[in-house]
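Before any comments, here is the structure.
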Amino acid sequence: MNYFFNFEKIAYLSGNKPEGCILCLIKDSSDKVQNLVVHESAYSLISLNMYPYNPGHLMVFPKRHLIDLRRLSSEERQDIDQLICLSMDVLDETHAPAAYNIGCNMGLPAGASIEHLHYHIVPRYHREIGIAEIFAGKRVLVENPFETQKKLIKAFAAKAEKKQN
Ligand SMILES: [Zn+2]
């Protein structure tokens, strides 16, 4: 089913911006934030981005509230690295993108809207959706995040299990 999912509206419906760090609230499973987590490891979490640039846009972040990536322990660094690779393995299957943009914005002036260190995994598609098409009703902007979340939780669990064996 094709339809336009309005993320702004979710944020609006869930009330004002919560106090405190949004990624720490997600880590603590706070009911003040929309929980879009799809996978958890010893040191890190993977969540859908609330304001996705593209379908399947994920964020990987350490559970520890860190701002500077130089402060990551070697265990955390390795864990994050593995989760970034796992994310691509899963997205290859669920979304089949043509390419990826991967990176982090460190520090608010660099464009990060969240201070807590996080890496963006943005799938890129051959034919990305233009605003004109959305208004013309020809294409969807994004998937329903809760449907995507369900699909990805399953896919991550299956892929993580396969890697362990
Ligand atoms: Zn935090």
R70 paired with E19, simple spin-label distance in nm, labels 7 Å along Cα-to-beta-carbon:
3.3
Approximate spin-label separation Q82-Q164, in nm, with each point projected 7 Å along Cα-to-Cβ:
1.1
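We did not get these values from a lab; they are worked out from the coordinates using the rules stated. Remember, it's a predicted structure, so these values are computed and weren't measured experimentally. Note: ideal-geometry Cβ built from the backbone for every residue, glycine included; neighbour counts use all protein chains shown.
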